[in-house]
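Peer 1: Below you'll find the structure I mean.
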Amino acid sequence: PAAMLRTTARGAMRAAAMRPASAPARTFVFSTAYSVAKKMVPKISATEQAALDGGTVGFDRQIFSGSVSLEGLKKKYSVALTAEEQAFMDNEVEQLCEMISDYQITRDRDLPPEVWAFIRSRGFLGMMIPKEYGGLGFSAHGHSQVVMKIASRSGSAAVTVMVPNSLGPGELLMKHGTQAQRDYFLPRLASGEIIPCFGLTGAHSGSDAAGSMRDEGVVVERNGRLGIVASFNKRYITMAPIAGVVGLAFNLKDPNGLLRGRGTEGITLALLERGHEGLRIGSRHDPLTASFMNGPVQGEDVFIDMDQVIGGQEKAGTGWSMLMACLAEGRAISLPALGVAASKGVAASVGAYAKVRKQFKVPLSDLEGVQEHLARIAGTTYV
């Protein structure tokens, strides 16, 4: 009887545990757990908050909610090239790919002069710049397809084309620049007369640039003109060694209140042309033995006129939100295009090798274990 009572008691306890808790009990448990977790999780940094404020919610809402519909994507976005984009793919892009030898580029650590000339003269550096400024005015999809095709021949050549169209100051100028800045820079960028770079990453700041940036500028008045005296130490800046204009991000301070309500303290973006007094573009970096241009940008007590701030004085202090709104071009279009090109290259090379390589007197592609891996490669790349 005692054993039966113990068994019955345990069964009752299990049954009680399996019954849904009352609403007050659930609230207490979840609120307590949330309070504990909130103390353990780091607070949102200034970088993350600016990214949240600078973005919008689209298809990602459906992904995180677990209710995904492709119909909305199909209605909102077109994945078809325009006639001009297709013609560019069939002609200029094909010609460029025929000119490229990745072996030669890797050996020489640079693109051949004729390839540089072709890229500049055929508009590859101004794909995203509107036609009224001399650019090609391509869509994001067209831009992606061009970069992906070039990357199938050479990753370094693709990065050379990619950066001025996505990580350079072109889009920042189109969305936030003054009319005078657009008129001066955009035609030169579109024609390849000047090649841009953008100095964001520093010795101590990378992804958390807003939170850990040590490059600073102070608002001053010099010879009757309002400006900024900035010191900066940027590194890993793609295209810097050959750049004709440098986009620069720094943390602006205004201890004397000289802005007078026009602009604020905070991350600020400016454009400095090569040869600007105090601007130094250092020796070339060698990241991962890649052959695209990369190097440091430095300066101490460099005077920057307020007219050189992207968007003018009114945009001072708003640089991080500007960057978050524009960097999507590189992070969501150009870099994935490089990844897709790499995946397609893997699918083509591995599939071909599995067909010609034989073991046990049969091609590797006939072996079920190999077929499973090939199917996964093809599926994740093309489906």
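The values are calculated or read from the model by the stated rules, or taken from the named source; none is laboratory data. Just so it is clear, the model here is predicted, and its values are computed rather than measured. For neighbour counting, all protein chains shown are included, and Cβ atoms are generated from backbone atoms with ideal geometry for every residue, glycine included. Side chains included, ligands, DNA and RNA excluded: accessible areas come from the protein's heavy atoms. Shrake-Rupley method; radii C 1.70, N 1.55, O 1.52, S 1.80 Å.
Peer 1: To the nearest 10 Å², what's His176's accessible area with a 1.4 Å probe?
Peer 2: Accessible surface of His176 is approximately 40 Å².
Peer 1: Express in Å², to the nearest 10, the accessible area of Phe138 obtained by rolling a 1.4 Å probe over the protein heavy atoms while all chains stay in place.
Peer 2: Phe138 exposes around 20 Å² with every protein chain in place.
Peer 1: With a 1.4 Å probe and every protein chain left in place, work out the accessible area per residue of the chain in Å², rounded to a whole number.
Peer 2: 55
Peer 1: With every protein chain in place, what's the accessible area of Val36 (1.4 Å probe, Å², nearest 10)?
Peer 2: 80
Peer 1: What Kirkwood radius, in Å to one decimal, follows from the Cα pairs of the stretch 61-120?
Peer 2: Taking every pair of different Cα atoms in the stretch 61-120, averaging 1/r and inverting gives 15.1 Å.
Peer 1: Over the chain, how many percent of alpha carbon pairs lie in each 20 Å bin up to the one with the longest distance?
Peer 2: So the P(r) values, bin by bin, are 22, 45, 23, 8, 2, 0.
Peer 1: If you don't mind, another one. Just want the answer: with Cβ charges of +1 for Lys and Arg and -1 for Asp and Glu, which residue in Met99, Ile63, Ala80 is farthest toward the dipole's positive end in the stretch 52-119?
Peer 2: Ranked along the dipole, the leading option is Ile63.
Peer 1: On the protein heavy atoms, probe 1.4 angstrom, tell me the percent of accessible surface of the chain carried by carbon and sulfur.
Peer 2: Taking all protein chains in place, the chain shows 57 percent carbon and sulfur surface.
Peer 1: Would you mind checking Lys38/Lys234; Lys234/Lys315; Lys74/Lys149; Lys39/Lys315; Lys43/Lys234 for any pair whose Cα atoms are more than 25 angstrom apart?
Peer 2: Lys38/Lys234; Lys39/Lys315; Lys43/Lys234
Peer 1: Check every DSSP H run in the chain and write down those whose alpha carbon atoms cover 15 angstrom or more along the long axis and whose mean Kyte-Doolittle hydropathy is 0.0 or greater.
Peer 2: On the way: long enough: 2-18 (24 Å, 0.40); 23-40 (26 Å, 0.27); 140-151 (16 Å, 0.28); 155-166 (16 Å, 0.86); 179-191 (18 Å, -0.71); 335-356 (32 Å, 1.07); 368-382 (21 Å, -0.37).
Those that clear 15 Å and a mean of 0.0 are 2-18, 23-40, 140-151, 155-166, 335-356.
Peer 1: What's the whole-number percent of alpha carbon pairs in the stretch 251-383 lying beyond 27 angstrom?
Peer 2: Of all Cα-Cα distances in the stretch 251-383, 53 percent exceed 27 Å.
Peer 1: Specify the longest stretch of the chain that does not include any exposed loop site, a site being one of the trypsin sites (Lys or Arg not before Pro) with a non-H, G, I, E, B DSSP assignment and at most 16 other Cβ atoms within 10 Å.
Peer 2: Free of exposed loop sites, the longest segment is 110-213.
Peer 1: Please express the shape of the stretch 225-293 as an equivalent ellipsoid: the semi-axes are the square roots of 5 times the eigenvalues of the C-alpha gyration tensor, given largest first in whole angstrom.
Peer 2: Working: eigenvalues 177, 32, 18 Å².
Equivalent ellipsoid of the stretch 225-293: 30, 13, 9 Å, largest first.
Peer 1: Alpha carbons only, please: Rg and Dmax for the stretch 313-383, in angstrom.
Peer 2: 21.1, 73
Peer 1: Helix-only estimate, please: 222 nm mean residue ellipticity of the chain, summing -39500 (n - 2.57) across DSSP H runs of length 4 or more and dividing by its residues, to the nearest 500.
Peer 2: -14000 deg cm²/dmol
Peer 1: Taking the square root of 5 times each eigenvalue of the Cα gyration tensor, what semi-axes in Å does the equivalent ellipsoid of the stretch 92-167 have, largest first?
Peer 2: One finds semi-axes of 21, 12, 10 Å for the stretch 92-167.
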